[in-house]
Structures are given as C-alpha cells and as structure tokens.
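Data block below; observations after.
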Amino acid sequence: MNSYTLPDPSGHFGQFGGSFVGETLVHALDELCQAYDKYRDDPEFLAEFAYELKHFVGRPSPVYHARRWSEELGGAQIWFKREDLNHTGAHKINNCIGQILLARRMGKKRIIAETGAGQHGVATATVAARYGLECVVYMGSEDVRRQASNVYRMKLLGATVVPVESGSRTLKDALNEAMRDWVTNVEDTFYIIGTVAGPHPYPMMVRDFQAVIGKECLDQMPQEAGRQPDYIIAAVGGGSNAMGIFHPYIDHAEVALLGVEAAGKGLDSGAHSASLNRGRVGVLHGNRTYVLQNEDGNVTETHSISAGLDYPGVGPEHAWLKEAGRATYATIDDQQALKAFHDCCRIEGIMPALESSHAIAEAVRLAPTLSKDKIILISLSGRGDKDMHTVAEYSGIQL
Ligand SMILES: *Cc1c(COP(=O)(O)O)cnc(C)c1O
C-alpha cells in the first residue's frame, strides 16, 4: 500500500511547495489543476501516454549492469537506468509528452516554454512538432549565444526561439518572459515547465509523468538483478529525473535515496548550484524551496560544468524529502564529474551526460565502501554527445 500521498491539495510538501503567483495566473493554474485532476487517472489518457512513451520515446528504457566497472571498483554492483536511450537523448521527453497530451485535451493551440541550456526547449519543440502545435521558446540571449546548436535544433523542429535581453540574459530572465507570455495569452496557451519546480500543480504533475522511470525499475530490478537496489542515486538540477526514479521507491524504506547536486568549482567558491546543501528557504519560480541567495535575498549566480544542473533552486519535494530524512543529498564538483564522464566512456562504452556524470561519480565513490552483494542503481538521465565540446574545452582540446 502507498502511504506517501504528498502534496496536499494546496500543493504543499510540508512547508515547501505551494503556489506563489500574481492574481492573473491564479485562474490559469486553477484551470490546469482541474484538468490534471480530471485526466491523471483517466484510463484513456494513461493509455495514450503509455502508447507515446512506447512508440515515440522508445520505452521502456533498460536497466544495465555496469559489470566491468563494478569489478574494477571491487565493491557494490553498479546498475544504470538507461534514460540516455530515449528519443532526444534524455528523460525530459517523458514529461513533455505528458504535458502536451494534457494541453490537447484542454483545447490549447499554442505551447510555450523557457530553457537555459536548451535541452528542455528541444524536448518541447519535439513534442510540439509531433502534434502540430505552435511552439515558442524563451531563452536568455546569453544562452542563445552559448547554445547555438540547440537553438538551431529547435528551429529545425519548427519552434520560434525568442532571445530575452533583460537582466543577466539567462534562465531566470527567460522564465520571467515565459510567465509574462502566459499571463497575456492564457486562453489559448499551455506553459510546459521542464522540471519538478514552478507553482502547484507542476511539481506534482512533472513528478507523476517522470515516475515512469522508477515504476519500470520496480519491475526490472527483480527480473534482471534478482532484487531491488540498496541505493538509488540521481543528479539533481531542478530534480525531475531524481523525483521520477525516487518516487515509486519512497515507501520502500530499505532503499536509500541519494541525490547529487553540482558543487561546481567547490562549495566554498560560490561557483556551484548546490541549493539543498548551501541554499536557504525562500520563494523561487512560484514555490517555497531551498534557494541560493545572498544576505538580501537576491538569487545568486550559479555555476556547474553541466548546464542542466545550473539552477539556483530545487523542486520542493526534494526539500521535503531532505527535511523528512527520507533522502540525502551529496555534492560532486566539476573535476569529479569530468573524471566519471571519461571513465564511463572508457570502461563501459557509454558516453553519459555531464549531469548524469555527477550521479555516476558519487556511485563510484560509494561502491568500494560496500560489499559485492550490494546494488547501486544510477539514473543515467541522458547521453553525453551534447557535452563533447564542453569536455574537449576543459581538456584543452580543440575540435
Ligand atoms: C536537464 C537535465 C538534468 C537536470 O534536470 P532534472 O530536472 O534535475 O532532472 C539532468 N540530466 C540531464 C541529462 C538533463 O538533460
């Protein structure tokens, strides 16, 4: 039986979550809550979601025993959940499929999103093309410059990319612009948020769509490994791949849940994105959670070698899991993640995303301290082809 039923009807996970938005968005969020409430258990909706995940995304993604690496480390057995094998190369597409199916049922004709590194923008543009809906993606102009190939990818998929020139011209400015668009065009527009953040019901809804990851593991691990894992490890940016794999295991008290934040250039350097480890409780993107902020409560600049972890907040459910003691959150820095990236390529023949490399690095640190009969399951959230230029640059190699 499931004893875990959060959030409450107002979207709270203990003191975290909720909905902190201007009056103009209250109605739009109410409408979304009602629609999601209507369809989340609707057999036809769930059947269509499952069909798309199978035929468009390529699910189920396998679990894979990293046998050679486990042997080399001489401790626990390391397994990967292969989200890198999904269409578009990461877990983000799972959630985008769920939200666009909901948008269609709500009669929305236009999709908007905001993106930092461009990965959520690409996933959103992909599903919008799949269903023939108009798609507008907001992106800070600084990010547009840094992520030119993702911008081109979105354009190939038929999306309009709008460079945002305000503030620091990065993710948080794109977010404000997307919100502004939504307020103005709420009648015909659906806003697809890419992680377990934002105002209620987004953290719950995105988690539910991503929970397909953990549900598959619940079935696959006994079949392939003989039993459930002892540890599940996942990288945490906003927290959606981690929530997706953690959630079905929350009631399995014997399974330790371990999130990994980006320590960037070091926790004391100021250049990191470790919101749960170094943030304070505040409000960001419409919910209460841990936020990286200075004494005056201004959101601080973040850094990680992996663009997908570079976010000053974290999903409110992770804040709750940390406070409740059900999950713990470690940190891995740029150099440790880079080493895990290289080792994974060389030892397993799999090029992981730099985000996922943080989870891998933590597993590689942990495995030798455990006996050989223990099992660590890692969320391999995405593939690393997109990161080749970054890795080459850090290694002083010109492509
Ligand atoms: C975006 C991204 C992440 C971080 O986002 P979460 O919401 O924390 O999952 C992690 N891994 C990959 C491959 C990503 O693209």
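The values are calculated or read from the model by the stated rules, or taken from the named source; none is laboratory data. The model shown is predicted, which means the values in this text are computed figures rather than measured ones. Every residue, glycine as well, gets a Cβ built from its backbone with ideal geometry; the counts of neighbours run over all protein chains shown.
Say whether the condition of being within 16 Å of the ligand (Cβ to nearest atom) and under 27 Å from residue 83 (Cα atoms) is met by at least one residue in segment 152-164.
Checked against the condition, which is being within 16 Å of the ligand (Cβ to nearest atom) and under 27 Å from residue 83 (Cα atoms), segment 152-164 yields at least one hit.
Please specify each residue of segment 374-386 satisfying the condition of being within 9 Å of the ligand (Cβ to nearest atom) and either buried (at least 21 other Cβ atoms within 10 Å of the Cβ) or assigned to a helix (DSSP H, G or I) (or both).
379, 380, 381, 382, 384, 386
With respect to residue 68, determine if the residue is basic (Lys, Arg), farther than 22 Å from residue 318 by Cβ and part of a loop (DSSP other than H, G, I, E, B).
no
All but one of (1) of a type in the set (A, V, I, L, M); (2) more than 24 Å from residue 173 (Cβ to Cβ); (3) touching a residue at least 60 places away in the same chain (Cβ under 8 Å); (4) in contact with a Leu (Cβ under 7 Å, 6 or more places away or on another chain) hold for residue 129; state the number of the condition that does not hold.
All conditions are met except number (3).
Can you list residue pairs whose Cβ atoms sit under 6 Å apart, with the first residue in segment 217-237 being assigned to a helix (DSSP H, G or I) and the second being modelled with pLDDT of 95 or more and within 15 Å of the ligand (Cβ to nearest atom)? Count only pairs 6 or more apart in sequence or on different chains.
Correct list of pairs: 217/81.
Would you check which residues across segment 69-106 are among the charged types (D, E, K, R) and surrounded by fewer than 21 Cβ atoms within 10 Å (Cβ to Cβ) and list them?
71, 72, 82, 104, 105
Matching residues to (1) crowded, with 21+ Cβ neighbours inside 10 Å; (2) at pLDDT 95 or above; (3) within 19 Å of the chain's Cα centre (by Cα); (4) within 14 Å of the ligand (Cβ to nearest atom):
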{"residue": "296", "(1), (2), (3), (4)": "no, no, no, no"}
{"residue": "305", "(1), (2), (3), (4)": "yes, no, yes, yes"}
{"residue": "318", "(1), (2), (3), (4)": "yes, yes, yes, yes"}
{"residue": "325", "(1), (2), (3), (4)": "no, yes, no, no"}
{"residue": "341", "(1), (2), (3), (4)": "yes, yes, yes, yes"}
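Where residues in segment 53-63 are touching a residue at least 60 places away in the same chain (Cβ under 8 Å) and buried (at least 17 other Cβ atoms within 10 Å of the Cβ), which of them is farthest from residue 380 (Cα to Cα)?
53
Give the residues of segment 153-168 that are part of a helix (DSSP H, G or I) and more than 16 Å from residue 120 (Cβ to Cβ), sorted by residue number.
Once the filter is applied, which keeps residues that are part of a helix (DSSP H, G or I) and more than 16 Å from residue 120 (Cβ to Cβ), segment 153-168 yields only 156.
Go through segment 349-373 residue by residue and tally those that are crowded, with 20+ Cβ neighbours inside 10 Å and away from the ligand (no atom under 16 Å from the Cβ).
3
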